[in-house]
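Presented below is the structure to which this report refers.
The values are calculated or read from the model by the stated rules, or taken from the named source; none is laboratory data. Just so you know, these numbers come straight off a predicted model, no measurement behind them. For neighbour counting, all protein chains shown are included, and Cβ atoms are generated from backbone atoms with ideal geometry for every residue, glycine included.
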Amino acid sequence: MTPERIAALLSDVAAGRLSPAEALGQLRHFPSEQLPFASVDHHRALRQGQPEVVFCAGKTVEQVVMICQRLAAVSGGFLGTRASVEQAEALRAAFPLMEWNAQARTVFLPPDPRPEPRGRGTVLVVCAGTSDLPVAEEAAVVAEAFGNPVERMTDVGVAGIHRLMAQGDRLREAAVVIVVAGMEGALPSVVGGLIGVPVIAVPTSVGYGAAFGGVAALLGMLNSCAAGVTVVNIDNGFGAAAAATRINQAVVS
């Protein structure tokens, strides 16, 4: 349950539009709800600023559908990552308005009404190569679902560095930049040396044998000589988007 929904609930009680008993009924699963196979955290949006997100990999279709149903019932929507086609099809049958991004493997049911984007500025997701797009799209979709204005910049890896340099204005105008790259993972260092805003680097598992499933890119990013580059785990577009959201939407007193 989001802070906005709780505030609206309290306002309805104060105005007499809703009885305390009715409000309590709506809060009966707050802060968490126990299912046979999961404990659904309805308090997370109030506690952390973003709601619980369903990691669909490893869960059965039935488990994913039930968790998403409970999230939607309490908060009006849900977001899931690493969803399979079968899971997405089952969710689409239950929620016709759900948005399925096959490349990102995300399922998203936006609340109604859909909140306006907020934050200091734009979260720019920069993707080194087309093969890195699934991870970059996961980052972009999650950042959008978390309420950020999002832009994408694709296929600007260091093998053709002129493509990145041609878009210098877009890099400098962003509030936070997420850089997704595999192979040797050099792109975040280049971006970090060009701009003065936070750069979140995401290594991907894209590459030949010596890339070691993304370990080479991870180590390259961790050893970046560019200041202000922070690194998340291999293929973790979700984690990058969550960090970017906290930076972009942080309240400055």
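Brief remarks follow.
- Within the stretch 211-226, restricting attention to residues that are in a loop (DSSP other than H, G, I, E, B) and in contact with a helix residue (DSSP H, G or I) (Cβ under 7 Å, 6 or more places away or on another chain), the residue that is surrounded by the fewest Cβ atoms within 10 Å (Cβ to Cβ) is CYS225.
- Within the stretch 49-73, considering residues that are among the aliphatic types (A, V, I, L, M) and surrounded by fewer than 20 Cβ atoms within 10 Å (Cβ to Cβ), the one nearest to the chain's Cα centre (by Cα): ALA57
- The stretch 120-139 residues that are within 12 Å of GLU151 (Cβ to Cβ), paired with ones that are of a type in the set (Phe, Trp, Tyr) and part of a strand (DSSP E or B) (beta carbon under 7 Å, 6 or more apart): none
- The set of residues in the stretch 205-253 being on the phi > 0 side of the Ramachandran plot and over 20 Å from the mean Cα position of the chain (by Cα) consists of GLY207, PHE212, GLY213, GLY214, GLY228.
- Scope the stretch 75-104; condition surrounded by 23 or more Cβ atoms within 10 Å (Cβ to Cβ) and free of Cβ contacts under 8 Å to residues at least 60 places away in the same chain; matching residues: PHE78, GLY80, ALA83, GLN87, LEU91
- Cβ separations smaller than 6 Å between residues 6+ apart or across chains give the following pairs from the stretch 147-173 residues that are assigned by TED's automatic domain parsing to the domain that holds PRO134 and crowded, with 17+ Cβ neighbours inside 10 Å to residues that are basic (Lys, Arg) and at pLDDT below 95: GLY147/ARG118; VAL156/ARG163.
- Of the residues screened, MET183 is not one that is surrounded by 24 or more Cβ atoms within 10 Å (Cβ to Cβ), under 21 Å from the mean Cα position of the chain (by Cα) and in the same structural domain as VAL135 (by TED's automatic domain parsing).
- Residues of the stretch 230-239 include at least one that is in a helix (DSSP H, G or I), surrounded by 19 or more Cβ atoms within 10 Å (Cβ to Cβ) and assigned by TED's automatic domain parsing to the domain that holds ASP132.
- Scanning the stretch 197-210 for residues that are among the hydrophobic types (A, V, I, L, M, F, W, C), touching a residue at least 24 places away in the same chain (Cβ under 8 Å) and surrounded by fewer than 20 Cβ atoms within 10 Å (Cβ to Cβ) gives a single hit, VAL197.
- Residues satisfying the stated conditions in the stretch 1-25, i.e. under 18 Å from GLU116 (Cα atoms), surrounded by 11 or more Cβ atoms within 10 Å (Cβ to Cβ) and at pLDDT 70 or above: ALA8
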